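Here is the structure we will look at.
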Amino acid sequence: MSDFGFLNTHRTWEDWCGMLLGALIVASPWFPIQDPAIAGHQTAILNTVAIGLVVFGISQLEYVALQRWQEVTTILVGLWLIASPYALGYSADGFLRIYHTSLGAAVVLLGILQLWQDWDLNDQDMLKHGQ
């Protein structure tokens, strides 16, 4: 009988995936096939870099010491990344909107997966993460 519990446990590869997503978010304003108009939209660039650094930092914290607030914050930051093209007015910049929607959805899904995995763990079990 096979073990279907692979996604039931918070594993360190998920934290590494979060760090990779954070790095991709930071780099997304400079991805190829970018509209040159984004270079003049400093608010969008600063917002993107800040979100990427937060995602990267929270993923590093999860790798070291797991807490539920980190996963909730990851979900909220991912939702903000999805909404930011519309809230900050750069939704007309096609590829950046698509990048941010896709990367934000990936961050939200990763945060939901991790929150689901850790929902029933007590504080002692969460401290054993990565060991």
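Cβ-Cβ distance below 7 Å, separation of 6 or more or different chains: which pairs start in the stretch 59-82 with a residue that is farther than 23 Å from I98 by Cβ and end on one that is of a type in the set (S, T, Y) and part of a helix (DSSP H, G or I)?
Taking only residues 6 or more apart or on different chains, the pairs are Y63/T12.
Can you name the residue in the stretch 78-115 that is hydroxyl-bearing (S, T, Y) and modelled with pLDDT under 85 and, of all such residues, is surrounded by the fewest Cβ atoms within 10 Å (Cβ to Cβ)? First the steps, then the outcome.
Initial filter on the stretch 78-115 (hydroxyl-bearing (S, T, Y)): 84, 86, 90-91, 99, 101-102.
From what's left, modelled with pLDDT under 85: 90-91.
Details: Y90: 22, S91: 15.
Across the stretch 78-115, the extreme among qualifying residues is S91.
The values are calculated or read from the model by the stated rules, or taken from the named source; none is laboratory data. Just so it is clear, the structure is predicted and the values come from calculations on it, not from any experiment. Backbone-built Cβ (ideal geometry, glycine too); neighbour counts: all protein chains shown.
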